[in-house]
Amino acid sequence: MIRHNLPPRAYLDEDVFASEQALILREWICVGRETDFAERGSYCAVMFASQPIVVWRDQSGRLRAFENVCRHRMSVIAEGRGVAKYLSCPFHGWTYADDGSLRAAPKAADLIAPMNLKLPEYRIECWLGFVFVNLDEAAEPIGPRLAAVESMLAPYELHSFEYSTRGSTPAVAANWKLMLEVGLESYHFPFVHNETLAPNLSGVPNPPCGNGNWTVSVEPRARSLAPRADDPAALTDAHRSTTYTFGIFPCTVFNIDVDNIVWFTLLPNAADQTAMMFGSAARDRRAVRILGEDEPSNESDYLAWSARLGGEDNAACLRVQAGLRARGARPGPIVRQAENCLYEFQDYLTGAIPNYPTAETSH
Ligand code: FES
Ligand SMILES: [Fe+2]
């Protein structure tokens, strides 16, 4: 049966966006690698679905997630990343310990004990070295949801990827689903990435694969990577000649390539405002290389190449965002052989959000 892409309303309508934010707040959101928080006291402030969160490794070594909002006048407390034993609110200096409790408040010392104020704490889980946060206390654990992904990733031995980098980009004026979709499908490579990705990667037809929570695209490399003496024993030539792109719904994409993995999580702030957190992890420094090259890249060349790829995808998203408002804009069919991941993303959305608009229901 022919299925169409999502209608303009799915990308533009504020009520649809509100239902997506509610969904995101019930889901596990990837906020980085455990090695991004290597030191005790390492923290990172994250904002997703309009919720300010701080992920913080406490002095006992445990990773925790708190609401990043001051219990005084509700200012956001921490910004960016850093290492700290205490976090102080920049407004009036109320100071919190790494169990979330208020420990100091200028001119209000007498209030601290009777008020017993704490930052709300959220669930956090580590999975294959990735850190996930969930604001829903009743959420199922992440492991069983991603069991099949875990077995596909087992040969890479991700727990041994100890080198990690991370960054973030300011909001792009596009809907978050456009940015997820362009991150998942490889159908656009020959056109959007004709000089960067297309010479090295091609998409192949993907059979239905996900279980409703994730999807994967398979991209054969033009040339296999050479085996290395310290490769994990379970890695085969098939792994060396293939890049896999996983969509971990709703907001995260993983791209795995033998000895390095690149991830990004979309941070929807409004229906047409999407920021991004991203990072990479690798078995060691040698695995940081531009696609198609065997040798490691220096950091600045690699970052410039990544920024070019990101710019190519963002430009494609902005062109769609501009087209969505056209009077005659109508979504065409999903090309199942090349865009199966979009089909599965749509199944996820319609399964999770009642009455989600599809082309089939929006006439
Ligand atoms: S709002 Fe944080 S100290 Fe006043
Ligand atoms: Fe792309």
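The values are calculated or read from the model by the stated rules, or taken from the named source; none is laboratory data. Note that this is a predicted model, so its numbers are computed, not measured. Please note: Cβ atoms are built from the backbone with ideal geometry, for glycine as well, and neighbour counts cover all protein chains shown.
Look through the stretch 86-100, keep the residues that are surrounded by 13 or more Cβ atoms within 10 Å (Cβ to Cβ) and assigned to a strand (DSSP E or B), and return whichever of them is nearest to ligand 2 (Cβ to nearest atom). Taking the candidates together, the pick is Leu87. In the condition set (1) modelled with pLDDT of 95 or more; (2) closer than 24 Å to Tyr156 by Cα; (3) of a type outside the set (Ser, Thr, Tyr), Ala174 is compliant with all but (2).
Would you check if there is a residue in the stretch 157-165 being among the β-branched types (Val, Ile, Thr) and surrounded by fewer than 16 Cβ atoms within 10 Å (Cβ to Cβ)? Taking every residue of the stretch 157-165 in turn, none turns out to be among the β-branched types (Val, Ile, Thr) and surrounded by fewer than 16 Cβ atoms within 10 Å (Cβ to Cβ). Can you confirm whether the stretch 219-231 contains a residue that is in contact with a Gly (Cβ under 9 Å, 6 or more places away or on another chain), more than 21 Å from Tyr11 (Cβ to Cβ) and within 15 Å of ligand 2 (Cβ to nearest atom)? Within the stretch 219-231, one or more residues are in contact with a Gly (Cβ under 9 Å, 6 or more places away or on another chain), more than 21 Å from Tyr11 (Cβ to Cβ) and within 15 Å of ligand 2 (Cβ to nearest atom). Only one entry of Thr358, Thr274, Thr350 meets the criterion of being part of a loop (DSSP other than H, G, I, E, B) and either modelled with pLDDT of 90 or more or touching a helix residue (DSSP H, G or I) at 6+ places or on another chain (Cβ under 9 Å) (or both), and that entry is Thr358. Just so you know, in the stretch 169-193 the residues that are surrounded by fewer than 18 Cβ atoms within 10 Å (Cβ to Cβ) and within 16 Å of the chain's Cα centre (by Cα) include one that is farthest from ligand 1 (Cβ to nearest atom), and it is Thr169. Inspect the stretch 291-305 for any residue being outside any strand (DSSP E or B) and in contact with a Leu (Cβ under 6 Å, 6 or more places away or on another chain) and give the result as yes or no. Within the stretch 291-305, not a single residue is outside any strand (DSSP E or B) and in contact with a Leu (Cβ under 6 Å, 6 or more places away or on another chain).
Thr236: buried (at least 19 other Cβ atoms within 10 Å of the Cβ) and either in the same structural domain as Pro155 (by TED's automatic domain parsing) or more than 15 Å from ligand 2 (Cβ to nearest atom) (or both), yes or no? When the stated conditions are applied, Thr236 does not pass them.
Quick one: would you say Asp36 is of a type in the set (D, E, K, R), surrounded by fewer than 22 Cβ atoms within 10 Å (Cβ to Cβ) and out of contact with any Asp or Glu (no Cβ under 7 Å at 6 or more places or on another chain)? Yes.
Only one of Thr245, Thr196 is in the same structural domain as Tyr302 (by TED's automatic domain parsing) and either under 15 Å from Val149 (Cα atoms) or within 16 Å of ligand 1 (Cβ to nearest atom) (or both). Can you tell me which? Before the answer, list the steps.
Numbers: Thr196 fails: either under 15 Å from Val149 (Cα atoms) or within 16 Å of ligand 1 (Cβ to nearest atom) (or both).
Only one candidate passes the filter, namely Thr245.
Residues of the stretch 132-165 that are out of contact with any strand residue (DSSP E or B) (no Cβ under 9 Å at 6 or more places or on another chain), within 27 Å of Leu303 (Cβ to Cβ) and not acidic (Asp, Glu): His159, Ser160. Out of the residues in the stretch 210-257 that are assigned to a strand (DSSP E or B) and of a type in the set (Gly, Ala, Ser), which is modelled with the highest pLDDT? So, considering only residues that are assigned to a strand (DSSP E or B) and of a type in the set (Gly, Ala, Ser), the one modelled with the highest pLDDT is Gly247. Going by the conditions given, is Met47 modelled with pLDDT under 95 and either part of a helix (DSSP H, G or I) or of a type outside the set (S, T, N, Q) (or both)? So Met47 fits the description; yes.
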